[in-house]
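Reviewing the structure listed below.
Throughout, read-outs are computed from the coordinates displayed, never taken from laboratory work. This is a predicted model, so every value here is computed, not measured. Virtual Cβ from ideal backbone geometry, glycine too; neighbours counted across all protein chains shown.
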Amino acid sequence: MRTVSPPTPLHRGPSVAPSFWLSVALALGPTVGPALAAFAALHTPHAAATTERAQAPAKKAKPARNGGPTYAHHPAAQAWGDALAQRQGLDPLAVRAALAQARKLPQVQQLVLPPTLPTAKNWTAYRARFIEPVRIRAGLAFWDAHANLLARAEAETGVPARLVVGVLGVETLYGRHMGRWRVLDALATLAFDFPTQHPRAEARQRYFEGELGHFLTQTLRAGIDPSEPSGSYAGAMGLPQFMPGSVAQFAVDFDGDGRIDLTHSVADAIGSVAHYFKAFGWQPGLPTHHAVQLDPQRADLDTLLTPDILPTFSAQRLTQLGATPDDVHHSGRLALIELHNGDPTRGAPGAQYVAGTDNFYAVTRYNWSSYYALAVIELGETIEHLRQGKAAPASLADSPTTKP
Ligand SMILES: [Ca+2]
């Protein structure tokens, strides 16, 4: 899908193609997110020490039902483990023992494959999965319960509380759906038996080798049994669904207990999401997007959509090309974000558009999808408005604009 393909592969997420993520999200619901939580040994102690726990206790990892053989006698896996141990200064016997517990999961191999049939993208349907009463109520309760932490994270990073609340709501419904796959099995399967029919199998396999390396390093250093943590089928864990590589790079010990735990510590989850966006260039005060008026007679959609979600056009240039943002004085770059509403050849309404800023792009660094980003933004805004006693805002993309 053109609206979600990033021009440069920046990191994160179990990066199957972004369009695939949207399909997965539509097919499986919000529990399949990009990132993963873990438990990492910590270097920087934090000041405050309010250990808050997730409302829903982490459930025990799903045993490898229908799992295949373990990696105990898999020569390549064992050699890889020995090299990891040497590189990271881990006990090679502990790494071998961990890999001996890991099971190959055929279901995970299936789940990472792109869908066989393309599905028509549908923003209205996608939005309705997330901007809905159960999630909104849970978000209001979450904000009430953790208002101080959210405010502290916002003060430290400039990332608004509503964005953190939006992410945690879309990713895991505030910790209710953190994934039931055994992360060790999922990552070992994808590291050593990534399905060869995947169009980017080699690159993906290497990516998951790296993630498994982070995961084993983090768990073994923290004294945690690697077979314990559960997460998504791609190895994303905790309230914010961080991948192990993201934990290593971006997670913070926000409750100051000396370790990072994105599954049990709401504080660590909140602080880590805020720090993640700060690391990806969140600009305090800059809106994420503007409404845009498309002139069907003269909009040059080919030119407008070529840069995809990367902010490229000045407000003036966007207007010249037939798409006028409501803030024509916006000084930064903008991207025309296209949101489909099903297959127009089958009578579905036309696409909708918004003008995304650099901050919209920053939100897509969490998950390379404009649909995902807008759902996170609108869920957070809706909850914030209701919290302030205001009516829920209308979606800026509410008025469909039929493609010329
Ligand atoms: Ca902590």
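Of note:
- Converting phi to 3J(HN,Hα) with the Karplus coefficients 6.51, -1.76 and 1.60 and the offset θ = phi - 60°, the range 371-383 yields 5, 4, 4, 5, 5, 4, 5, 6, 5, x, 5, 4, 5 Hz in sequence order, with x at every glycine or proline.
- Peptides 246-257, 87-98 ordered by packing proxy, namely the average of other Cβ atoms within 10 Å per residue, highest first: 246-257, 87-98.
- Under 5 Å, built H, 5+ apart or other chain: amide partners of L239: T263
- Inter-centroid distance (Cα atoms) of the range 155-219 relative to the range 323-339, Å: 32
- Charge tally in the Cβ shell below 12 Å around G281, where Lys, Arg are +1 and Asp, Glu are -1, G281 excluded: +1
- Proximity of backbone amide H atoms, modeled 1.01 Å from N, is registered between L334 and T312, F313, S314 at under 5 Å, excluding neighbours fewer than 5 places apart on the same chain.
- Under the Debye formula (equal points on every Cα, no solvent term), log10 I(q)/I(0) of the range 196-284 at q = 0.13, 0.16, 0.21, 0.23 Å⁻¹: -0.47, -0.68, -1.05, -1.18
- Options P296, G322, S265, ranked by Cα towards positive dipole end of the range 264-368, top entry (Cβ charges): S265
- When each of the peptides 213-222, 71-80 is scored by the mean number of other C-beta atoms lying within 10 Å of its residues, the order from highest to lowest reads 213-222, 71-80.
- For the peptides 153-161, 110-118, 183-191, 357-365, the ranking by packing is 183-191, 357-365, 153-161, 110-118, with the highest mean count of neighbouring Cβ atoms within 10 Å listed first.
- Phi angles of the range 100-115 translate, via the Karplus equation with coefficients 6.51, -1.76, 1.60 and θ = phi - 60°, into HN-Hα couplings of 5, 8, 6, 10, 6, 10, x, 5, 5, 4, 5, 5, 7, 6, x, x Hz per residue; Gly and Pro are given as x.
- Here the Karplus relation 6.51 cos²θ - 1.76 cosθ + 1.60, evaluated at θ = phi - 60°, turns the backbone of the range 150-156 into coupling constants of 5, 5, 5, 5, 5, 5, 6 Hz, with x for every Gly and Pro.
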